[in-house]
1. How much FRET efficiency would the formula 1/(1 + (r/R0)^6) give for ASP150 and SER74, where r is the Cβ-Cβ distance and R0 is 45 Å, rounded to 0.05?
2. Only four residue types carry charge here, +1 at the Cβ of Lys and Arg and -1 at the Cβ of Asp and Glu. Report the dipole size of region 54-139 about the Cα centre in Debye, rounded to the nearest 20.
3. State whether region 54-139 is rounded, prolate or oblate according to the following rule on the C-alpha gyration tensor (a ≥ b ≥ c being the square roots of its eigenvalues): a/c under 1.5 gives rounded; otherwise a/b larger than b/c gives prolate, and the remaining case gives oblate.
4. Among MET111, THR54, SER71, whose Cα projects farthest towards the positive end of the dipole of region 54-139, with charges put on the beta-carbon of Lys, Arg (+1) and Asp, Glu (-1)?
5. Select from region 48-114 those GluC sites (Glu not before Pro) which occupy a DSSP coil region and have at most 11 other Cβ atoms within 10 Å, ordered by residue number.
6. Under the rule of at least 5 residues apart or a separate chain, name every residue whose amide H is placed under 5 Å from the amide H of ASP80.
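Read the figures in this text as sums done on the coordinates, not as results from a lab. All of these numbers come straight from a predicted model, not from anything done at the bench. Cβ placement follows ideal geometry from the backbone for every residue including glycine, while neighbour counts extend to all protein chains displayed.
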Amino acid sequence: MKTASPKFAFALATLLGGAVALATAARAQAPAGAPEHHDAPPPTNLQVLPKTMTGEQVHELMHKWEASLGSECSTCHAADATKKRPDGRPMLNFADDSKPEKATARLMVRMVQEINAQYIGKLPDGGEPVTCATCHRGHLDPPPFVAPPDHDHDHPAPPPSSR
């Protein structure tokens, strides 16, 4: 098994640390009497995320990704027809790999990790790490970039031709 480079580990730790810090801050700002989030079960089938992550850490990170993509858990995770929630809807099987969106998500996470480790991490000032939201901005499919109209007000017009 290939071990992660120190730069890769740093980029991943930065990404995950930010997610956990956001979750902790959100809990600290919850109004008095607000229900505390339940303990998430230990994760299984982690292929991109560190296997040492707790269920709660994975859960918090998934919610951050959900917001970054404007999606829901069921976008990547398949329903388990054998298990029902209290409202009668099927529970999700988080370990199941049958949805192609889950494979795409893993590929995209690896891309973000590589960009941060191989490019952003090599900038002299360290640079701001990219995240899912850098491109997706709350949309499952990244919105197309539309360049602003050319505003070339700071440059003088070329002199008229002398023909």
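1. 0.55
2. In debye, rounded to 20, region 54-139 gives about 220.
3. prolate
4. Positive-end residue among those listed: SER71.
5. Sites meeting the loop and neighbour criteria: GLU72.
6. Sorted by chain and number, the residues that satisfy this are MET91, LEU92, ASN93.
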